[in-house]
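Participant: Mind having a look at this structure? Questions to follow.
The values are calculated or read from the model by the stated rules, or taken from the named source; none is laboratory data. Here the structure is a predicted model, which means the values were calculated and not measured. Cβ placement follows ideal geometry from the backbone for every residue including glycine, while neighbour counts extend to all protein chains displayed. Remember, those area values only see protein heavy atoms, side chains included, never the ligands or the DNA or RNA. Shrake-Rupley method; radii C 1.70, N 1.55, O 1.52, S 1.80 Å.
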Amino acid sequence: MNRVFTTPMDASSPPTIDSEALGFDRGAHLLVKHALAGVAVGSTLRVVSKAPGFRAHVVAWCRSQGHGVSFDEAGRALIVRGGYQTGRWRGAERSGRSDPRSPDAVAEQAKASWGLAARGSTVEAGGPEWDFALDRKHEVWADEAVDLYRQALAAQWDPETAADWNAPFELPDEVEDAVVQVMTYLIENENAALLVPARFLGRIHPHYREIMQLLAIQVADEARHVDVFTRRARLKGREPALSTVGGQLSLKTLVDEPDFSVAAFLLSVLGEGTFVNLLNFLHVHAPDPVTRRIARLAARDEARHVAFGMAHLSRRLNSEPELRARLANAIELRHDTLSAGGAGLNEEVFDALVLLAAGEWTPAAIAAGFERVQALQSEMAEGRRLRLCRLGFDEPEAERLASLHTRNFM
Amino acid sequence: MPETLLMGAVAYAPKVVTIWEGFKAYFAERGLAFDYVLYSNYERQVEAQFEGAIHVAWNSPLAWVRAERMARARGVAVSAVAMRDTDRDLSSLIVVRAGAGIESFADLRGRTVGFGAVDSPQATLIPLEHLSRHGLQAGRDFTARRFDQLGGKHGDHIGGERDAALALTRGEIDAACMIDSNHLAFTTEGILPAGGTRILAQTDAYDHCNFTVSPGAPTELVDRFVELLLAMSWDDPAARPLMELEGLKQWLPGRTTGYALLERAVDEQGFYDADGRILAADYR
Ligand SMILES: [Fe+2]
Ligand SMILES: [Fe+2]
């Protein structure tokens, strides 16, 4: 609406609007507000109305808004604009910019008072102080998050249709058992991979929107992984198999890690990185088409999770090289804790991987399976070593730390 | 001389604690030691004003009427020192369903009219006075149906008026009494369908709450309290949330010119006697 006033402003009569038969019970206050925005504080707006109940309502509304009101002989309301609408925005603060690429868009420290406000919005002063523990950019940020989030969105798949669950195959009982044991192990690890970002998600200041979004979709990725591995375990009517103390001890040290960057390092750079190797192995060597397919789908997702961990750690290590020592300590501490507790890849999982890669119960097949699992393990260690080098650890240190990683893989 | 100003307030809703805790911190930051005592009803709060328990009371208009009468009977004085901008010039409405054929006071004869709590100035006492002024007496000319909520709270709780409004839309009553701002709020929120009700009558303007100073309260403390209240600014982000909770934009000096209508209602309906004793038999 361009023309607000039905009569021109002049010295003799105040600006006037006619709200016709529209009452305050049907939105007349919008017209009045709009018109009041065009008069100065302390000046008068005249309102003509034919709406029933107008008089009582305009008085009640003006009282609540801090405007004065009286009526002329013709029953028209004379509203004197109060100053409270502008007062609300005194001291309000702009919370960065929405586009992460524009300068000063993302604050080095997000203010507690910005809370849930959209980044770039203007935040009224005096609001609640929110308690987001991760409120500094360097603690969580990676520029690549924007692209990774977009890739993740484009790569979402539906467990129902992404694999052919009815593909015909029949495995020897022991081989099917081995597949179910590996699935049981995978589900346990996926649960950890879901919980770690989920727990940080609630602590990250929403100002760092891109990180929040990326972690949210990562959690959804892990939910799908839990889903497909559970389906595969149950595909031939079996229940999931064995869960060991060692496996859970290893995962518990991950879930308990309180520092975001250290957790990203242990989970994504080392754990999920190692998992990419494992899933690729299953994609190639699993004895049935369903397992091969879902391993491939999960491996693609995991590669993105690794990429975010690498991007975040690279950025942070760039400005904070002393963090490298803390990361090395974290690996050693975890190694010590786990060695003391006897945690590692359980025998059942190791044997199951061999049998699964063997595909049948003959000495020749077992030998081949065993060889493949050994190759997998050195591939995993080599991958960890390379990623550690890329994060600026020197060669011998990278090699040493890569070998200290939990035998549970994740 | 006491160093802490003690204020009484009635706990009509849980938010009362939030409000006065906020004020306590606000005053403390400005060097005024302030504490509050919560009462479950206005009658006990007013009585406490004469027992030396509190220096000021955040009183309903009805509580002010009683305090004023009790003071006069005892040869002492109370005064109203501050009020909200939203306490001035309220009116109550008698609302009917649109198209129900009730066009005048006379059409209310033989009908049922819904009121708020027994002690609600805006939804019971003042509307009853208005009807009586137009020749209609409850029990004789129309049936009064009360939507009692929390007696002793002087109608502070909006529930009674809302229940009456809902009963009106369901056709259980023919008219409902409510404060003007509640009619606007109920129609805006859709509790009353837009255009579904008609305002049959509007009372004259009257004032609502005030801070009532107890007899013999320490003047300096009270003055400082009033000074800080009046200085609260909507533009101040530290003050604004408190003002919003309490429903005002600006504190104003107290005035006692807006209670005549309620005085008349109290006398006519025999709610209190001239000395502030409770007469209403069904009042608990
Ligand atoms: Fe996963
Ligand atoms: Fe993952």
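Participant: Could you please put A:S268, A:S339 in sequence from largest to smallest accessible area, using a 1.4 Å probe?
Facilitator: Highest to lowest solvent-accessible surface, that is A:S339, A:S268.
Participant: Starting from 0 in steps of 5 Å, tell me what percent of the Cα-Cα pairs of region A:137-403 lands in each bin.
Facilitator: 1, 6, 13, 17, 19, 17, 13, 8, 4, 2, 1, 0
Participant: Please work out how much length the chain gains when fully extended from A:A364 to A:W157, using 0.36 nm per residue of separation minus the C-alpha to C-alpha distance, in nm with one decimal.
Facilitator: The A:A364-A:W157 span can extend by a further 70.7 nm.
Participant: So, R0 is 56 Å and r is the distance between the beta-carbons of B:E21 and A:R101; what FRET efficiency does that work out to, to 0.05?
Facilitator: FRET efficiency, B:E21 to A:R101: 0.80.
Participant: Separation between the B:A194 and B:R133 pseudo-spin-labels, each 7 Å from Cα along Cα→Cβ, expressed in nm?
Facilitator: In this crude spin-label approximation the distance works out to 3.2 nm.
Participant: OK, next. Could you state the angle between the C-alpha long axis of helix A:323-341 and the longest principal axis of the C-alpha atoms of chain A, as a value from 0 to 90 degrees rounded to the nearest 10?
Facilitator: The answer is roughly 50 degrees.
Participant: Rank these by accessible area, largest first, 1.4 Å probe: A:R238, B:R240.
Facilitator: Result, largest first: A:R238, B:R240.
Participant: Determine the gain in length on full extension of the stretch A:C389-A:E174; use 0.36 nm per residue of separation and subtract their C-alpha separation, reporting nm with one decimal.
Facilitator: Gain in length upon complete extension: 73.3 nm.
Participant: Further, regarding this structure: Under 19 Å from a point 7 Å along the Cα-to-Cβ line of B:R74: which residues of region B:241-284 have their amide N that close?
Facilitator: Correct set: B:272-279.
Participant: Oh, and also: Considering only A:S43, A:G66, A:A21, whose Cα is most displaced toward the positive end of the charge dipole of region A:16-86, charges sitting on Cβ of Lys, Arg (+1) and Asp, Glu (-1)?
Facilitator: The one lying farthest along the dipole's positive direction is A:G66.
Participant: Taking square-rooted eigenvalues a ≥ b ≥ c of the alpha carbon gyration tensor, is region A:166-255 rounded, prolate or oblate, where a/c under 1.5 means rounded and, failing that, a/b exceeding b/c means prolate?
Facilitator: It is oblate, given that a/c is not under 1.5 and a/b is not larger than b/c.
Participant: I need the per residue convex hull volume for region B:161-234, using only the alpha carbons, in cubic angstrom as a whole number.
Facilitator: 151 Å³
Participant: Moving on. Could you tell me the extents of region B:1-90's C-alpha atoms along the three principal axes, largest first, rounded to whole Å?
Facilitator: Here the Cα extents, ordered largest to smallest, are 39, 37, 24 Å.
Participant: Taking the simple approach of a point 7 Å from Cα along Cα-to-Cβ for both B:E268 and A:V245, what is their distance in nm?
Facilitator: Between B:E268 and A:V245, the label points sit 8.5 nm apart.
Participant: Which lysines have a Cα lying under 17 Å from the Cα of A:K111, excluding residues fewer than 8 positions away in the same chain?
Facilitator: Of all the lysines, those that pass the test against A:K111 - Cα under 17 Å, at least 8 places apart if same chain - are A:K137.
Participant: Measure nothing but the geometry: give the 0 to 90° angle between the long axis through the Cα atoms of A:289-319 and the longest principal axis through the Cα atoms of chain A, rounded to 10°.
Facilitator: Value to nearest ten degrees: 70.
Participant: Let me cross-check A:L242: its accessible surface, 1.4 Å probe, with only protein heavy atoms counted, in Å² to the nearest 10?
Facilitator: Its accessible surface works out to 90 Å², give or take rounding.
Participant: If you fit an axis through the alpha-carbon atoms of helix A:209-234 and take the longest principal axis of the Cα set of chain A, what angle between them do you get, 0 to 90°, nearest 10?
Facilitator: For A:209-234 against chain A, the angle is about 40 degrees.
Participant: Then there's this: Please report the projected area of region A:90-131's Cα convex hull averaged over all directions, in nm².
Facilitator: 3.0 nm²
Participant: Out of region A:68-175, which trypsin sites (Lys or Arg not before Pro) are coil in DSSP terms and have no more than 13 other C-beta atoms within 10 Å?
Facilitator: In loop regions of region A:68-175 (DSSP not H, G, I, E or B), the sparsely surrounded trypsin sites (Lys or Arg not before Pro) are A:R101.
Participant: If you don't mind, there's one more thing I want to ask. Over the Cα atoms of region A:210-289, each weighted equally, I'd like the Debye log10 I(q)/I(0) at q = 0.13, 0.16 Å⁻¹, rounded to two decimals.
Facilitator: These q points yield log10 I(q)/I(0) values of -0.56, -0.85.
Participant: Does chain B come out rounded, prolate or oblate by the C-alpha gyration tensor, with a ≥ b ≥ c the root eigenvalues, rounded set by a/c under 1.5 and, if not, prolate when a/b is larger than b/c and oblate if not?
Facilitator: prolate
Participant: About the Cα centre of region A:150-258, what is the dipole size in debye to 20, counting +1 per Lys and Arg Cβ and -1 per Asp and Glu Cβ, all else neutral?
Facilitator: 520 debye
Participant: What is the calculated FRET efficiency for B:E3 to B:Q250, with r their C-beta to C-beta distance and R₀ = 35 Å, to the nearest 0.05?
Facilitator: With R0 = 35 Å, the Cβ-Cβ based efficiency is 0.75.
Participant: Using 7 Å Cα-to-Cβ label points, what is the B:I278/B:R111 separation (nm, one decimal)?
Facilitator: 3.3 nm
Participant: Kindly tabulate the residues in region B:143-188 with an accessible-area decrease of at least 10 Å² between the chain alone and the assembly of all protein chains, using a probe of 1.4 Å.
Facilitator: Residues of region B:143-188 that lose at least 10 Å² of accessible area once the other chains are added: B:D180, B:S181, B:H183, B:L184, B:T187, B:T188.
Participant: Starting from the eigenvalues of the Cα gyration tensor, five times each then square-rooted, give me the equivalent ellipsoid semi-axes of the protein assembly as shown, largest first, whole Å.
Facilitator: 71, 29, 27
Participant: Decide, for region B:92-202, between rounded, prolate and oblate: order the square roots of the alpha carbon gyration tensor eigenvalues as a ≥ b ≥ c, take rounded if a/c falls under 1.5, and otherwise choose prolate if a/b is larger than b/c, else oblate.
Facilitator: oblate
Participant: Can you give me the solvent accessible area of B:C209 with a 1.4 Å probe, rounded to the nearest 10 Å²?
Facilitator: 10 Å²
Participant: Related question: Which value, in debye to the nearest 20, describes the size of the charge dipole of region A:90-131 about its Cα centre when Lys and Arg Cβ atoms bear +1, Asp and Glu Cβ atoms bear -1, and nothing else is charged?
Facilitator: Approximately 180 debye in magnitude.
Participant: Pick from A:A125, A:A223, A:A152: which is most flexible by mean-square fluctuation in a GNM of chain A where alpha carbon atoms under 10 Å apart are linked?
Facilitator: Highest fluctuation among the options: A:A125.
Participant: How crowded by other chains is A:54-67, given as the mean number of beta carbons from other chains within 10 Å of each beta carbon?
Facilitator: So the per-residue partner count for this stretch is 6.
Participant: Could I ask something else about it? Rounded to the nearest 20 Debye, what is the dipole magnitude of region A:163-222 about its Cα centre when Lys and Arg each give +1 and Asp and Glu each give -1 at the C-beta?
Facilitator: Magnitude of the dipole: close to 800 debye.
Participant: Sticking with this structure for a sec: Of B:Y36, A:L266, A:F350, whose Cα points farthest to the positive end of the dipole of the protein assembly as shown (charges on the beta-carbon: +1 Lys, Arg; -1 Asp, Glu; origin at the Cα centre)?
Facilitator: B:Y36
Participant: Also, quick follow-up: Could you tell me which GluC sites (Glu not before Pro) in region A:127-171 are loop residues by DSSP with no more than 14 other beta carbons within 10 angstrom of their beta carbon?
Facilitator: Here the sparse-neighbourhood loop sites are A:E129, A:E170.
Participant: Please find the FRET efficiency linking B:S40 to A:A167, where r is the Cβ-Cβ separation and R0 is fixed at 56 Å, and quote it to the nearest 0.05.
Facilitator: Here the calculated transfer efficiency is 0.20.
Participant: Please work out the Cα convex hull volume for region A:16-86 and give it in Å³ per residue.
Facilitator: 75 Å³
Participant: Test of understanding: what is the full-extension gain from B:D204 to B:A11, defined as 0.36 nm times their sequence separation minus their Cα-Cα distance?
Facilitator: 66.6 nm
Participant: For chain B, what is the mean residue ellipticity at 222 nm derived from helices alone (per DSSP H run of n ≥ 4: -39500 (n - 2.57); sum divided by total residues; nearest 500 deg cm²/dmol)?
Facilitator: Theoretical 222 nm ellipticity from helices: -10000 deg cm²/dmol.
Participant: Pop out a list of residues from region B:244-267 that are at least 10 Å² less accessible with all the protein chains around than in their chain alone; 1.4 Å probe, no ligands or nucleic acids counted.
Facilitator: The answer is B:E244, B:K249, B:Q250.
Participant: Here's another thing I want to ask about it. In Å², what does the accessible area per residue of chain A work out to with a 1.4 Å probe?
Facilitator: Here the residues of chain A average 45 Å² of exposed surface.
Participant: Between B:D236, B:D204, B:D85, which gets the highest mean-square fluctuation from a Gaussian network model of chain B, Cα cutoff 10 Å?
Facilitator: B:D236
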